[in-house]
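Each remark here refers to the structure printed beneath this line.
Throughout, read-outs are computed from the coordinates displayed, never taken from laboratory work. Everything quoted here is computed from the prediction, not taken from an experiment. A quick note on method: Cβ atoms are made from the backbone with ideal geometry, for glycine too, and the neighbour counts reach across all protein chains shown.
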Amino acid sequence: MANETSTQPAPVHSMDEIVALCRRRGFIWQSSEVYGGINGFWDYGPLGTELKRNLKNAWWSDVVTCPPDGPDGRPLQIVGLDSTIIMNPKVWEASGHVAGFNDPMVDCRQSKARYRADHLVVLQPAEGATNADTPWYAFVEGQLDSIAKKLKKAKVDPEACQQVPLPELPVASYARIIGPDADKPGTLTEPRQFNLMFETWIGAVRDEDSRAYLRPETAQGIFTQFWNVVDTSRVKVPFGIAQVGKAFRNEVTPRNFTFRSREFEQMEIEFFIPPDAAAEWYPWWRDNRFAWWQSVGLAGDNLQLREHEADELAHYAREGAGTSDIEYRFPFTAPGFGELEGVAHRTDYDLRQHAEHCGKGDKLRYFDTDRNERYFPHVIEPSAGADRGTLALLCEAYTPDPDRPSGVYMNFTPRMAPIKAAILPLVAKDGMPEVAENLYRQLRRRWPVQLDVKQTVGKRYARMDEAGTPYCFTIDGQTLEDQTVTVRHRDTLEQQRINIDQVPSFLEQKIEG
Ligand code: ATP
């Protein structure tokens, strides 16, 4: 949920412009768009697929293949897992999701719209304190503009109003609230629980016994296979299990582009530690994960780390268990922030729950050979969203520049850029296309690169600026004479000549170095 903790100005560019670029250049489209789309579901086009894959690959490489040393100075042990989306429904009873995975929601009797109660904010005009007939105006957090007309007509100045989150108001006061899409007060229902898990049925018969769920998080696949991993992988606590995969939540109000989708991808680590080791590992993971998001390009002050208040802690958290969010200031949350990743000390809640629910109880305690004792390990869980991460990369990279033909360029880091380089023959004659194709064939073995022969070179540069391609190599008349090419740097527009033989090492150093 967006959270307003900063007073810094919003980024100048609007979300509409970013969404338009994503559509135009094939980063992200509505799912089933030819049929009018489907609310809360998004497809990634060719550029978006590469961008999201780069983010997921970087995550896998930096947390599983080659993680940093832990707080004890030892190389971290983390292994991968790929568990199913549909699991035995008892998993979700044990995890607490069947009973507790609810969002309170309110319906509008007039517009039939449905909102998450904790997403609604109510504007209270100052005179409302004394006059009980003065209506209050609800709007969806971050979307005050959507009720601007209504406020203008009623001569209400939002600047002179107090903003109160709906859950903080007594239900008795709903009678005076005008809903975001209503024009009269008293149409909002009181908040009701709504289970966010998508249901399905297994086999031919649809009844209670065949009911199953699409997983709302990847974590439970990890917890239920914890014992198999321990038995087969020679891992010893402290160690982690990592998984990237789809999760599904029937969000009440999917919105803000891909930020709140109904189908999305998570990148989760469950890091198992001795019960008394959270003070050592929790801050290490929190700071390490924050630094990772900086390393993929969210290095400015649009990224923040926020430690949870005690009343925000999740259902599994016990007193003293830390939880923090790594948050990004999206254009639609500004000046507030939206969550990219949660880092939580989940205690031993999940392993204990599964041990109890599967009937094996204490027999499933982990045996620590170093300490010569049995226990349920505690868990530090860094749980990140690949789609929210990709969206943050897109928002951060979007750089308007009126002096360029494209009017904008995407300044992804070379590691995240969907296309690493373009190879452009200046003109499609005089042997230039042949030299360009040779270079292209050589580079494509190692990186996603593009050969673009047609149109003026200016138009081709403009296309690469919008795709966020950091380098363009241009083959011109001089190349044929002295074997040099021009490198155009996307951000500075600087041009330099290097030998054509040096292009692979140049790219390697920029992307991997
Ligand atoms: P929120 O409060 O925004 O609903 P959450 O706290 O429920 O998020 P978690 O359960 O901690 O989210 O999930 C971990 C990560 O999964 C989030 O940090 C986010 O990046 C991603 N995520 C969760 N829900 C969605 C969603 N509906 N669409 C896209 N990504 C999501």
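Relative to the current alpha-carbon distance between TYR375 and LYS184, full extension at 0.36 nm per residue lengthens the span by 62.9 nm. In the chain, helices alone account for a calculated mean residue ellipticity at 222 nm of -7500 deg cm²/dmol, with every DSSP H run of four or more residues adding -39,500 (n - 2.57).
Annotation for the range 447-513 versus the range 375-402: alpha-carbon center distance of 30 Å.
Listed values for the range 195-201 are Karplus-derived 3J(HN,Hα) couplings in whole Hz (6.51 cos²θ - 1.76 cosθ + 1.60, θ = phi - 60°), namely 6, 7, 7, 6, 9, 8, 10, and x replaces Gly and Pro. Classify the range 102-194 as rounded, prolate or oblate from the Cα gyration tensor: take a ≥ b ≥ c as the square roots of its eigenvalues, call it rounded if a/c is under 1.5, otherwise prolate when a/b beats b/c and oblate if not. It comes out prolate by the Cα gyration axes.
Between LYS454 and LYS363, what length comes free when the chain is fully extended (0.36 nm per residue of separation minus the Cα-Cα distance, one decimal in nm)?
Details: separation 91, 0.36 × 91 = 32.76 nm, distance 6.80 nm.
Difference between extended and current length: 26.0 nm.
Taking 28 Å as the straight-line reach from the Cα of LYS155, the lysines in range (excluding those fewer than 8 positions away in the same chain) are LYS112, LYS184. With Cα atoms defining each centre, the range 214-255 and the range 350-365 are spaced 17 Å apart in the structure. Stretching the chain fully between ARG404 and ALA299 yields a gain of 35.3 nm (0.36 nm per residue, less the alpha carbon separation).
Sparsely packed loop sites in the range 150-203 (the trypsin sites (Lys or Arg not before Pro) outside DSSP H, G, I, E and B with at most 13 other Cβ atoms within 10 Å) comprise LYS155. Label sites at PHE194 and GLU159, each approximated as a point 7 angstrom past Cα along Cα to Cβ, lie 3.5 nm apart.
In terms of its C-alpha gyration tensor, the chain has an oblate overall shape, because the principal axis ratio a/c (a ≥ b ≥ c, square roots of the eigenvalues) is not below 1.5 and a/b does not outweigh b/c.
What ranking of TRP227, TRP201, TRP59 emerges when the number of other C-beta atoms within 10 Å of each C-beta is taken as an exposure proxy, fewest first?
Details: TRP227 17, TRP201 13, TRP59 21.
Ordered by Cβ neighbours within 10 Å, fewest first: TRP201, TRP227, TRP59.
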